[in-house]
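What follows is a short report on a single structure.
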Amino acid sequence: MNVDLDGPVHYVDFGGPRDAPRVVYVHGLGGSHINWNALAPLLQRHFRAVAVDLPGFGLTPAAGRKTSVAANARVLRRFLRIIVKEPAMLIGNSMGGFVSMTVAAGEPELVDRLVLIDPTLPLARGVRVDPAVRKQFFLHGLPWVGERVLARRYATVPAKQRVTEVLARCCLDPARVPADMFEALVELETSLTEQRDHAAVHLAAARSIVYGLAWPKSYWRLMRAIDKPVLLLHGKHDRLISVDSAREAARRLPEWTYVELEAGHIPMMEVPELVAEQIVSWARLPRVP
């Protein structure tokens with residue numbers, strides 16, 4: 001399905017009971033609605049859910065729109081008002097967690113509660129960034145160079161290999177990602193490669209994440225401004241966002257519920273049953289007045 005929000009925005013309706021709480025799944029950098037295909041069926045009896053493709057990702061083209069965190073937060077706000085039409089639980093992974101927190105802090109009336117799955121977080125003191133991840137973000141952060149490197153990768157590396165490499169970096173055990181999801185990811189990656197602006201819109205989003213992390217005091221203020229219940233789930237073996245950063249967030253924000261999982265950066269794809277179990281258990285907790 002598509003809605004016009006100053007350009008087309010694609011979303012998938014996962015269904016659920018008519019009177020169930022509303023859920024919106026928000027993917028991370030390079031992700032899409034496909035990232036939720038394993039988790040959504042496990043939550044279908046408990047929630048009425050949709051997954052949105054942010055501009056520049058999945059089946060939503062940038063269509064001349066910016067693809068930064070701030071720009072995609074504006075799109076998500078409009079999506080919540082126009083499509084969801086009631087406060088929703090946002091379930092965001094990685095960059096999607098950053099986008100979801102931005103919406104929750106800025107317009108809390110649109111959000112019921114938050115589930116953050118390995119969200120973008122400020123780097124904890126003493127944490128060493130994985131060398132491969134550091135190199136990737138360094139190259140992507142260089143103007144012109146990043147575009148050239150990524151465009152060359154799209155031109156020379158087959159989509160199946162690219163997806164395989166991403167899952168190897170993002171998972172503790174890539175074999176746990178369902179085969180049908182892998183094939184869907186490859187098919188989508190193949191089609192995105194054909195879009196001339198794909199490298200540019202991807203890098204614009206990546207650079208906005210790096211810029212946000214460059215100002216950790218502002219990032220902590222953003223997180224403290226959230227007055228909704230928050231469940232923070234984090235993979236113990238996340239190479240992109242260290243579990244030590246998640247532990248620091250849990251220490252600074254003790255009102256949040258914090259759970260670690262035996263997974264990498266995308267637990268909802270790798271261990272969806274464990275993620276579903278945690279969400280259902282937590283969502284039934286009574287709210288603190």
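No lab work stands behind these numbers, since they all come straight from the coordinates. What you see is a predicted model; the values in this text were computed from it and never measured. Don't worry about glycine lacking a Cβ; one is built from the backbone with ideal geometry, like all the others, and counts go over all protein chains shown.
What is the Cα centroid distance between region 227-289 and region 153-170, reported in whole angstrom? Between the Cα centres of region 227-289 and region 153-170 lies a distance of 27 Å.
Return 52, 243 ranked ascending by Cβ neighbour count within 10 Å, so the fewest neighbours appear first.
Going from sparsest to densest Cβ surroundings: 243, 52.
By the helix-only formula, in which each DSSP H run with n ≥ 4 contributes -39500 (n - 2.57) and the sum is divided by residues, the chain has a 222 nm mean residue ellipticity of -13500 deg cm²/dmol. For the chain, the Kirkwood estimate of the hydrodynamic radius, built from every pair of different alpha carbons, is 18.9 Å.
Result for the chain in a Gaussian network model with C-alpha springs under 10 Å: among 157, 177, 99, the largest mean-square fluctuation is at 157. Spin-label model, residue 273 to residue 250: label points 7 Å out along the Cα-to-beta-carbon direction sit 2.3 nm apart.
Would you mind calculating the gained length between residue 179 and residue 6 on full extension (0.36 nm times residue separation, minus the Cα-Cα distance), in nm to one decimal?
That works out to 58.8 nm of additional length.
Sorted fewest first by neighbouring Cβ atoms within 10 angstrom, 50, 84, 9 come out as 84, 50, 9.
Neighbour counting of Cβ atoms within 10 Å sorts the residues 219, 211, fewest neighbours leading, into 211, 219. Across the options 59, 245, 30, the greatest Cα extent toward the positive end of the charge dipole of the chain (unit charges at beta carbon of Lys, Arg, Asp, Glu) belongs to 245. A protection proxy built from the mean count of other Cβ atoms within 10 Å ranks the segments 38-48, 112-122, most packed first, as 112-122, 38-48.
The antiparallel fraction among DSSP beta bridges confined to the chain stands at about 25%.
Please report the spacing between the Cα centers of region 58-104 and region 25-39 in Å, no decimals. A separation of 13 Å, based on Cα centres.
Only lysine pairs 8 or more places apart or on separate chains count here, and in region 2-283 those with Cα atoms under 30 Å apart total 13.
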